[in-house]
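K.L.:
Would you mind keeping the following structure in view while I ask a few things?
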Amino acid sequence: MKLSKAQYDEIAQFLGHVQPTRQSLRKLKEKFPSQSQSTLLSIFSQEYQKQIKRTHAKHHTAEAIETYYQRYLNGVMKNSAAPVLLDLANEVDFAPSLMARIVLERFLQEKEQAIPSKTLINSMLRDPSQIPDGVLANQVYQCTVNDCCYGPLVDCIKHAIGHEHEVLLREMLLGKNLSFLAEDQLRAKGYDKTPDFILEVPVAVEGHIIHWIESKASFGDESSHQAYLQDQFWSYWNRFGPGLVIYWYGFIEELDCHRERGILLKDCFPTDIVTLRHSMAQR
């Protein structure tokens, strides 16, 4: 689903005044009933991540970390069954999974008298049963399962959705009898940065030649699209020629401004693909 910049700004402005909870997501759907739920969910997640990045530093000062840790200790001392960490995260407007990480790291630092490795922290966040304190393990678990946008559970869901759309795109290419090389095949050939699929024989889409296709299971907003252009799309263009990016959950339509330079945006698999074989048959 393509949105105008004005439509997108209206949604983003609404999200700026609500907390990132499942209740807020329901309000968002009620406020914008004509937009698809998957598009709204993707925008919801992206806007929240931008907000967290803007405020990330203030939650990681030595003073803030110590304050959160002491409030956690005092809270569980009063009632260890209460969602102390989750309530604290919501109170200070910070992602529950990231609050859990801060407190877990501080706990391990005190217990082991050393700074714990990121590998250990990540492992315990994925599986809280590894945490050597039952109360903290339960608190961390409550944070990860109630976080809409961050944490190991969300990461797994995003990875699965991304893979699902790549499989869908592969099936659509096969259905059109298009020969292609997938990303894993290209990496085996020694390429480092590669799109999801390179067409062995280029096709035309809406009058534009396409050599490669990239699948993005997200909404294409300005900041994410500019980052992808810089980190991925222009690299693909330099190496493989013009290509197509599919933002399955839509994009801001004004961003589709590089067609003449060789990067086409779509929100679905194109239906008007013209192959070399097809164009020759028409002559």
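The values are calculated or read from the model by the stated rules, or taken from the named source; none is laboratory data. Note that the coordinates shown come from a computational prediction; the quantities given were computed from them, not determined experimentally. Glycine also receives a Cβ, built like all others from the backbone with ideal geometry; neighbour counts cover every protein chain displayed. These area figures cover heavy atoms from the full protein model, side chains too; ligands, DNA and RNA do not enter into them. Shrake-Rupley method; radii C 1.70, N 1.55, O 1.52, S 1.80 Å.
K.L.:
How large is ³J(HN,Hα), in whole Hz, for each residue of the range 19-30 in order, when computed from phi with the Karplus curve 6.51 cos²θ - 1.76 cosθ + 1.60 and θ = phi - 60°, using x for Gly and Pro?
P.N.:
Here the 3J(HN,Hα) series is 7, x, 10, 5, 5, 5, 5, 5, 4, 4, 5, 5 Hz.
K.L.:
Using the structure shown, select from Lys29/Lys176; Lys53/Lys78; Lys27/Lys50; Lys27/Lys158; Lys53/Lys118 the pairs with a Cα to Cα distance greater than 25 angstrom. Don't jump to the answer; show the numbers that get you there.
P.N.:
Working: Lys29/Lys176 35 Å; Lys53/Lys78 32 Å; Lys27/Lys50 20 Å; Lys27/Lys158 23 Å; Lys53/Lys118 19 Å.
Table pairs above 25 Å Cα-Cα are Lys29/Lys176; Lys53/Lys78.
K.L.:
Compute the length gained on full extension between Glu110 and Glu171: take 0.36 nm times their separation in residues and subtract their Cα-Cα distance, giving the result in nm to one decimal. Intermediate values should be presented prior to the final figure.
P.N.:
Details: separation 61, 0.36 × 61 = 21.96 nm, distance 5.20 nm.
Result: 16.8 nm gained on full extension.
K.L.:
Here's a follow-up. In sequence order, what are the phi-derived ³J(HN,Hα) couplings for the range 205-213 according to the Karplus relation 6.51 cos²θ - 1.76 cosθ + 1.60 with θ = phi - 60°, rounded to whole Hz, with x for glycine and proline?
P.N.:
10, 6, x, 10, 6, 10, 9, 9, 9
K.L.:
Now for a different question. Once ligands and nucleic acids are excluded and a 1.4 Å probe is used, how much of Met77 is accessible, expressed in Å² to the nearest 10?
P.N.:
150
K.L.:
Where the only charges are on Cβ atoms (+1 Lys, Arg; -1 Asp, Glu), what is the dipole of the chain about its Cα centre, to the nearest 20 debye?
P.N.:
Magnitude of the dipole: close to 160 debye.
K.L.:
Along the charge dipole of the chain, Cβ charges K/R +1 and D/E -1, which of Pro128, Ile209, Ala160 sits furthest on the positive end?
P.N.:
Working it through, the farthest residue towards the positive pole turns out to be Ile209.
K.L.:
Calculated from the structure, Cα Rg over 2.2 N^0.38 Å equals which of (i) 0.99; (ii) 1.30; (iii) 1.21?
P.N.:
Among (i) 0.99; (ii) 1.30; (iii) 1.21, the one derived from this structure is (iii).
K.L.:
OK, next. On average, how much accessible surface per residue is there in the chain, in Å², for a 1.4 Å probe, leaving out ligands, DNA and RNA? Could the numbers behind the result be given before it?
P.N.:
Details: 15170 Å² over 283 residues.
Value returned for the chain: 54 Å² of accessible area per residue.
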